[in-house]
Amino acid sequence: MTAPEEIEAWFAAAGEREDELRRVDALVTAAAPGIDRQLVGAGRGQMLGYGLMPYKPRSATVATPWPVVALAAQKRHLSLYVCAVVDGGYIAEARAARLGKVSCGKSCVRFSSLDRVDADELAALVRDALALTREGRNAYYAG
């Protein structure tokens, strides 16, 4: 479990991106009241993960905890990873056109400011990813 002061230090370490990260965090936590938040390793840094689930990549022999949703600050943008696959499709990628001025990869929504995003659609994406995981319909889930 990540201590609250560690999460606060993560926000503070983001420098000029801190306020924007906090805005996205508020959107995620409002969309999923009571969701757990954990710092998770990502490359050489950390992301703020929400809703840990067991995940087992093809190359692994055992499942490890991984967030359904994760938030990271990049050099030029923020990334919100939505790890949800249903019927072979990534739901973030499928909803990209509805999210506003974003760039999407399979599970990654990239944007420079939350002001450029349709916040209602982004909140719905978070809620739906978590609901699909709880229902056991998320192919990422290895539980």
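For Pro67, indicate whether it is within 13 Å of the chain's Cα centre (by Cα) and closer than 28 Å to Ala9 by Cβ. Considered against the rule, which asks whether it is within 13 Å of the chain's Cα centre (by Cα) and closer than 28 Å to Ala9 by Cβ, Pro67 comes out as yes.
Within the range 112-129, restricting attention to residues that are over 19 Å from Tyr50 (Cα atoms) and without any contact (Cβ under 8 Å) to a residue 60 or more places away in the chain, the residue that is surrounded by the most Cβ atoms within 10 Å (Cβ to Cβ) is Val117. Only one of Leu52, Leu130, Leu71 is touching a helix residue (DSSP H, G or I) at 6+ places or on another chain (Cβ under 7 Å) and not charged (D, E, K, R); which? Going through Leu52, Leu130, Leu71 in turn, just one is touching a helix residue (DSSP H, G or I) at 6+ places or on another chain (Cβ under 7 Å) and not charged (D, E, K, R): Leu71. Residues of the range 2-18 being under 15 Å from Ser113 (Cβ atoms) and surrounded by 11 or more Cβ atoms within 10 Å (Cβ to Cβ), which ones? The answer is Ala14, Arg17, Glu18. Of all the residues in the range 68-83, those that are crowded, with 24+ Cβ neighbours inside 10 Å and touching a residue at least 40 places away in the same chain (Cβ under 8 Å) number 5.
Of all the residues that make up the range 87-133, how many are more than 14 Å from Ala31 (Cβ to Cβ), among the charged types (D, E, K, R) and out of contact with any Cys (no Cβ under 9 Å at 6 or more places or on another chain)? Total satisfying the criteria: 6. Every test in (1) under 19 Å from Gly136 (Cα atoms); (2) of a type in the set (Lys, Arg); (3) surrounded by 12 or more Cβ atoms within 10 Å (Cβ to Cβ) is passed by Arg23 save one, and that test is (1).
You will find that of Ala30, Ala42, the residue that is over 22 Å from Gln74 (Cβ atoms) and either among the hydrophobic types (A, V, I, L, M, F, W, C) or in contact with a Lys or Arg (Cβ under 7 Å, 6 or more places away or on another chain) (or both) is Ala30 and no other.
For the criterion of being more than 14 Å from Gln74 (Cβ to Cβ), assigned to a helix (DSSP H, G or I) and in contact with a strand residue (DSSP E or B) (Cβ under 8 Å, 6 or more places away or on another chain), Thr2 fails. Pairs are defined by a Cβ separation below 8 Å, a sequence spacing of at least 6 or placement on different chains, a first member in the range 19-32 that is over 14 Å from Ala129 (Cα atoms), and a second member that is in a helix (DSSP H, G or I) and aromatic (Phe, Trp, Tyr); the pairs so defined are Leu21/Phe11; Arg22/Phe11; Asp25/Phe11. Among the residues of this structure, Leu78 counts as one that is of a type in the set (A, V, I, L, M) and within 11 Å of the chain's Cα centre (by Cα). Which ones in the range 106-143 are closer than 16 Å to Ile35 by Cβ and of a type in the set (A, V, I, L, M, F, W, C)? Answer for the range 106-143, where residues must be closer than 16 Å to Ile35 by Cβ and of a type in the set (A, V, I, L, M, F, W, C): Leu122, Ala123, Ala124, Leu125, Val126, Ala129, Leu130, Ala131, Leu132.
Rule-based calculations on the coordinates, nothing more; no lab input. Because the structure is predicted, anything quoted here is derived from the model rather than measured. Don't worry about glycine lacking a Cβ; one is built from the backbone with ideal geometry, like all the others, and counts go over all protein chains shown.
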